[in-house]
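Below is one structure, written out as structure tokens; comments come after it.
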Number of protein chains: 2
Amino acid sequence: MNTIKGKVTLLSAGPGDIDLLTLRAAKALASADILLLDDLANADIVTLAPHARVIRVGKRGGCKSTPQAFIQRLMQRYAKKGLHVVRVKGGDALLFGRAGEEIAALREAHVPVDIVNGVSSGFAAAAGLGISLTHRDHCQGVTFVTAHMQDHSQPDWAALAATGTTLAIYMGMSRIASLTASLMDTLPSNTPAAVVQNAGSPQEKRLATTLGRLADEAVAAGLGSPAVILVGGAIGEAAEFAARAASAKGFAHAA
Amino acid sequence: MNTIKGKVTLLSAGPGDIDLLTLRAAKALASADILLLDDLANADIVTLAPHARVIRVGKRGGCKSTPQAFIQRLMQRYAKKGLHVVRVKGGDALLFGRAGEEIAALREAHVPVDIVNGVSSGFAAAAGLGISLTHRDHCQGVTFVTAHMQDHSQPDWAALAATGTTLAIYMGMSRIASLTASLMDTLPSNTPAAVVQNAGSPQEKRLATTLGRLADEAVAAGLGSPAVILVGGAIGEAAEFAARAASAKGFAHAA
């Protein structure tokens, strides 16, 4: 029997702009007693949680960070005191956020957990480019994959490319040259590809080009993390891609 | 030069509950002059658009529906009159919604288009099951795929299964027996699998079992469209799955 009066809400903060939060997320924030805030979430989110004590628990890949076990203990301790703990995560909490481990530990400790969905940055990246992730002339789906694996190995890029789905690659900027090279073992170098940095925020930057040029052009444009790399025929619908292709064609013609 | 004063907002209504709309979506609805409403969107959404004339343009797969060309003409006509047209789509507009074709046609007609992201039903399904789509002990990603292809062919289930990602299959209920059979050419029959019908709405129904039992049990439970089929190791983290596995084990032991 559950005697814990408090609870934990795993709350998806979306890709950046506060107004990409859901109405449900705004309600949960309004009733929060404790706010555990991720690095990737917009810091302005605290304005929606006027009664909450704010604790910052960023864990950006590779940087100094709050250990996961400590975050777990914090959530459980405050929930057991009867408080409403809101654990804020960037994007959607159920994609690449270690929510799986947090839910399992909370369930083990008999702490009630609510999950509030949100907009993942891959969707915001597509909106920025003005494209569908799954234009049906090009593909039948989209694969969200992280390039940053638990055991530091590489995803099976050949298998991913073989699906014919649009690829939305998260946490790939530090290895963009090697991953685009791996994808080109299977996909043609003229496959449309893009990088969207800070998707869905006022700082959003976009680059739409081809898989063969993506790594060099992203470096030249100074693009870095956090960013989503998009690869596949559907990306070719982006207006930027069309403009670039036209201009490249014009240049080749003139040369 | 763009002389069209109106615009079209492609608005993601999320999986069902009104409070899974984003704050941005609520703002766009409040300023809508014309609301084009999809079958899959919650009809209560009209309460957020008090000034809008509502036009219903459902196109549920296989049923009688408003032709796409007519919807396109409606959007363009009203936008050219200087009105704010809000085209509401279930889930996220950029996943399986034919947004690609609509954006292309609007761009061709020089009609400004805004895109407002939302929560796709695959994320809501995972929230209902209380799981991450990408628990890092199990996988490095998730593939959203439609079983309902433009040319009525089947997706390449072997290639999709070979990625090792969680599969979130949309529009698959009418062929659940054949698609689970195809997946079992590659995946073991005890791979965790689930169906979530009406994910993220008060009518949500869930079934968590194994790939080998999924089709029979879904039929026995009377589950139908709209639903998301989830397949992969990460689904085994669902409490329902754990409870079932424990009970099945108990049963086998007692027998």
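Summary of computed values
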item	result
Delta accessible area of at least 30 Å² on complex formation, residues of the stretch B:129-151, 1.4 Å probe, chain isolated as reference	B:G130, B:S132, B:T134, B:H135, B:R136, B:Q140, B:V142, B:T143, B:F144, B:Q150
Surface share of carbon and sulfur [accessible, 1.4 angstrom probe, percent] for chain A	53 percent
Among A:A93, A:A221, A:A125: highest mean-square fluctuation, GNM of chain A, C-alpha pairs under 10 Å	A:A221
Computed P(r) (all Cα pairs; the protein assembly as shown; 20 Å bins; percent)	23, 58, 18, 1, 0
Percent RCO, i.e. relative contact order, over the stretch A:121-247, from Cα pairs under 8 Å lying at least 6 residues apart	31 percent
Axis-proximal residue, chain A, for the rotation superposing A on B (Cβ, Å)	A:T143, 2
Across the identical copies, how the B:R56 labels are spaced - nm, sorted shortest first, 7 Å along Cα→Cβ	5.2
Rounded FRET efficiency, nearest 0.05, which uses the C-beta distance separating B:K27 from B:K81 and R0 of 30 Å	0.90
DSSP-defined beta bridges in the stretch A:121-247 - what % are antiparallel, rounded to 5	75 percent
Teacher prompt: A:T186 distances to equivalent labels in other copies, 7 Å Cα→Cβ, nm	0.9
Cα gyration tensor shape for the stretch B:121-247, rounded if a/c is under 1.5, else prolate or oblate	rounded
Accessible area that becomes buried as B packs against A, both chains, 1.4 Å probe, Å², nearest 100	4700 Å²
Relative contact order for the stretch B:7-116, counting Cα pairs under 8 Å that sit 6 or more residues apart, in percent	42 percent
Relative contact order of the stretch A:58-161, pairs being alpha-carbon contacts under 8 Å that are 6 or more residues apart, as %	16 percent
Calculated label separations, B:H110, copies of the chain, 7 Å along the beta-carbon direction, nm	6.9
Computed label-point distance, nm, for sites B:A181 and A:S247 using a 7 Å Cα→Cβ extension	5.3 nm
Cβ charges +1 (Lys, Arg) and -1 (Asp, Glu), total dipole of the stretch A:121-247, debye	180 debye
1.4 Å probe accessible area per residue over the stretch B:80-213, in Å²	34 Å²
Radius of gyration, Dmax [chain B; alpha carbons; angstrom]	20.2, 77
Cβ-based charge dipole, the protein assembly as shown, positive-most Cα from B:S153, B:A28, B:I176	B:A28
Most mobile listed residue (B:A208, B:A227, B:A127) in chain B, GNM with C-alpha springs under 10 Å	B:A127
Within chain A, percent of DSSP bridges classed antiparallel, to nearest 5	40 percent
Total charge dipole magnitude, the protein assembly as shown, about the Cα centre, Cβ charges on Lys, Arg, Asp, Glu only, Debye to nearest 20	1120 debye
Descending Cα extents along the principal axes, the stretch B:46-153, whole Å	54, 37, 27
Amide hydrogen neighbours beyond the local backbone of B:A41, cut-off 5 Å, H modeled	B:G90
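The values are calculated or read from the model by the stated rules, or taken from the named source; none is laboratory data. The shown structure was predicted, so the numbers you read here are calculated from the model rather than taken from an experiment. Here Cβ is always computed from backbone atoms with ideal geometry, including for glycine, and neighbour counts include all displayed protein chains. We work out accessible area using only protein heavy atoms, side chains counted, and drop any ligands, DNA or RNA first. Shrake-Rupley method; radii C 1.70, N 1.55, O 1.52, S 1.80 Å.
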